[in-house]
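All remarks here apply to the structure that follows.
A short reminder: the numbers here are calculations on the coordinates, not readings from a lab. Everything numeric in this text was worked out from a predicted model, so none of it was measured.
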Amino acid sequence: MLSRFNDCLAPDSRADGDPCPPVMSLIELQSAGWAVVEKTDAQKRVPGIAPYQNLERVIQMVNYRLSRNSAEIRSKTAYDSQRNHYEETCSKPRSELA
């Protein structure tokens, strides 16, 4: 994991020109110089999963757009209150000039 982080800090040293590997977390991306330029959040309220179907289940979703130099990454986080599950996904960096 540390080598991936170091690759992101020194993008010119990567042979494929990809400034940041897609497995990095949102916190790691921010530590590597990516800035959040847009953040939107939403909540989805649905019935619970049996045997707790009478309880409200809340899914909290946050979408981020990060930028560094002329590249952009989209990242999404989601939290499921009933399953106590957190998930985070980030796209591969893409150039805004392309």
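One table, with the values for the structure above:
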| read-out | value |
| --- | --- |
| The range 28-49 and the range 59-98: distance between their alpha carbon centers, rounded to Å | 6 Å |
| Under 5 Å, built H, 5+ apart or other chain: amide partners of residue 82 | 58 |
